[in-house]
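I have placed the structure first, in the form of structure tokens, so that the comments after it can refer back to it.
Each reported figure results from applying straightforward, stated rules to the coordinates on display, with no laboratory input. Since we're looking at a predicted model, the values are computed, not measured. With ideal geometry, Cβ positions are generated from the backbone for all residues, glycine too; neighbour counts draw on all protein chains shown.
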Amino acid sequence: MKNKLFGTPKLKFLYSLLIFQIILYTIFRLGFLIYFRDNISPGTTGLIFHNLGLGLRFDIRLAMFVLLPAMIFINIPLNPAFKVRLIKWIYSILFTIICFLYVVDVGYFGYLKSRLNATVIQFLKNPLISFEMVRESYPWPLLLMLIIALSLICIFILVKVLTPKLVGSPLVNNNKTRFAGGLLFMVLFGLGTYGSFQMYPLRWSEAFATPDAFTSNLSLNPILYVTDTYTFRVAEFEKDKASENYAVVANFLGVDKPDAKNLNFVRSFPGNDEKSMSQPNVVVIVMESLAWYKTGLGGSEINPTPNLDKLADESLLFSNFYTPTVATARSIFAAVTSLPDTSKVKTGSRNPFIVNQHTIMGEFKNYDKFYFLGGSANWGNIRGVFSYNVPNLNIFEEGSYKSPRVDVWGISDLNLFKESHENINAALAKDKKPFFAFIQTAGFHRPYTIPADSDGFVVKTPKEISEAEIRAFGFESFEEYNAMRLQDFALGKFFELAKKEDWYDNTIFVVFGDHGLPHNNAKNVPDWQKSLANGFHVPFIIHSPKRISPGVETKIASEMDVMPTLAGLAGVPYKTRALGRDLFNPKFDEYRAAFSYNWYAPFNISLVDKDFYFEYIPYNGQGKLVKHSENPGDINVKDQYPEKYKEMETLTKGLYESARYLLHNNPRMD
């Protein structure tokens, strides 16, 4: 039966073509490893083997894509002899191109230490100069001979071994068996192209699951990487504009050694021995869609967040905290890198060219580090942002937990918090090192799932509260309202567990929303925030009773300030080029402001400080200035305060242009 399933001429050819490709790509990969063996870092042998296995999955995906022309043409009713000749011509050309690209990949990596990607297209804009560079830098006649030799070997195998399998009779004429064989092939084809048994397909970010650059590059398939990077081949920044605005931004950030020529944004902050002596643990909790106005803290009168409100009473609450934009992947990027993800094409986490980012989280040298997510870290390619830039990070995701998956977002937030607590305790029992845990909830998303087993959580219905009341405070349905309440309930459960642990007193907890949500005419949103700013305004809580006194802090704060602030509280020395500033460093208290932008139409950039809100639409040059400290209305006072308007316009544009530049120029620092 097994032989019969593979026994038609078409299937024998397709399977043979698939196996040949896998062998060919594996030889290329092993050749790459041997040729560039001097780039192997000590102690990375285990990573090498792991990434060779990952590379095999990428190679299988490419092999499946290359099968597509054959799958189409062998099933078209053509003369059999003509069909064979056509397949020979198509695959002779394809294998020549593939051999050419793999050889170019070796030269590309030798020159730029990066696998072949879509930026190679830029060299074609100046073909004569590019050819001269190649001619003078590489033994091009030898490389040309290598390409020809490899291509001829592939064509020989194609003609003498592979295409003859298209000629002949099937082992069986049973239609059911032939159907089963075809179905099996299509299943294998689907699995090969998807590349994963998890919810999300195989993505380039899995190659960057380690900070070691060479092993990450070893995983990549250069031909697939060209297609992965094609959308991002043109960098979204203008260096001249960053230079023009450098002085005002460098002053805002307090750059140690301003250098407009080299666009130096680096600042170094010394540690604090007194604070770091106890090596405080850090727990960052990012709550999905936790808009300020939807919480009791923001004036909601329908009690959606009793646990968050209680925690705020025991903590320092920043009541004017803003995220850079509205989108979870962009927000997580900003939280980790302290840079706003100003990408216009997809998100920064999806851009292979900016995966290398310096992070302050990575500066917590002697800490166990964890990222807890209920779903897959392939979501938004966020894996690369964490793993490539935070050494020794332990990722817990869908498949790492005992709890069952409840919907598209993985396990429930309640189980996420409980299992995060359990895994932190397990790590402490093992090596007793301080820890830095990043916990990201996702349950407050459609489909707003409420699992049956939720530790006694009680769903509210129209019997307890009217639909008119929940709509008055911005909730569009009871499903949304109860999902927010469950997220809050899960947060309360986590702190209930944490307070029983010995490590609780020596831990700095921060809780904030990844972004807000449209206000739906909520009556507790001031008019000046209704146009845009309500999407950025979220709670930010620092909970560490042994270090921080409870209270309400009204100074303007940004999500980009989170990591510098945590390093300052923990006494950890750090360097940064990014836009975040320590919220407890008095050096920056003279002027606090939060930059935000709207990445979808109408694209605009904005800045809020303690008195004013500035908003600007670049494509038509329209801007407005609202003095929110005096009037909650959306009243444009641009003409009354022309100097203030110009000051905020200059800084806002400067931060935007600097962020665009830094996204592509913020590599890890030792």
**Item:** Over 27 Å [Cα-Cα, the range 278-589], rounded percent
**Value:** 39
**Message:** Out of all Cα-Cα pairs in the range 545-613, roughly what percent, to the nearest whole number, are more than 21 Å apart?
**Reply:** 34
**Asked** Tell me, what does the Kirkwood hydrodynamic radius of the range 375-476 come to in angstroms if you use every pair of distinct C-alpha atoms?
**Response** 16.2
**Prompt:** Rounded to the nearest 500 deg cm²/dmol, what is the calculated helix-only ellipticity per residue at 222 nm for the chain, with -39500 (n - 2.57) per DSSP H run of length n ≥ 4?
**Reply:** -13500 deg cm²/dmol
**Request:** Could you rank the peptides 386-392, 20-26, 35-41 by their average count of other C-beta atoms within 10 Å per residue, with the highest value first?
**Result:** 386-392, 20-26, 35-41
**Binned Cα-Cα distance frequencies in the chain - 10 Å width, integer %** = 3, 14, 22, 22, 18, 12, 7, 2, 0
**Prompt:** In whole percent, what relative contact order does the chain give with Cα contacts below 8 Å and a gap of six or more residues?
**Reply:** 18
**Asked** What ranking, highest mean first, results for peptides 575-584, 50-59 when packing means the other Cβ atoms within 10 Å averaged over each residue?
**Response** 575-584, 50-59
**Message:** For the range 521-670, compute the orientation-averaged projected area of the C-alpha convex hull (one quarter of its surface), in nm².
**Reply:** 11.1
**Message:** With +1 on the Cβ of every Lys and Arg and -1 on the Cβ of every Asp and Glu, and nothing else charged, how large is the dipole of the range 278-589 about its Cα centre, in debye rounded to the nearest 20?
**Reply:** 880
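Could you list THR177, THR45, THR8, THR305 in order of exposure, starting from the residue whose Cβ has the fewest other Cβ atoms within 10 Å?
Ranked by crowding around the Cβ, least crowded first: THR45, THR177, THR8, THR305.
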**Message:** From the C-alpha coordinates alone, can you work out the Kirkwood hydrodynamic radius of the range 310-422, in Å?
**Reply:** 15.6
**Request:** Calculate the translational D of the range 443-556 in whole µm² s⁻¹ from Stokes-Einstein, where the hydrodynamic radius comes from the Kirkwood formula applied to all Cα pairs, the temperature is 4 °C and the viscosity 1.567 mPa s.
**Result:** 78
**Cα extents of the range 504-553 along the three principal axes, largest first (Å)** = 41, 19, 13
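Would you mind finding the longest exposed-site-free stretch of the chain, with exposed GluC sites (Glu not before Pro) meaning DSSP loop and at most 15 other Cβ atoms within 10 Å?
Of all site-free stretches, the longest is 1-237.
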**Asked** Average projected area of the Cα convex hull of the range 378-431, in nm²?
**Response** 4.3
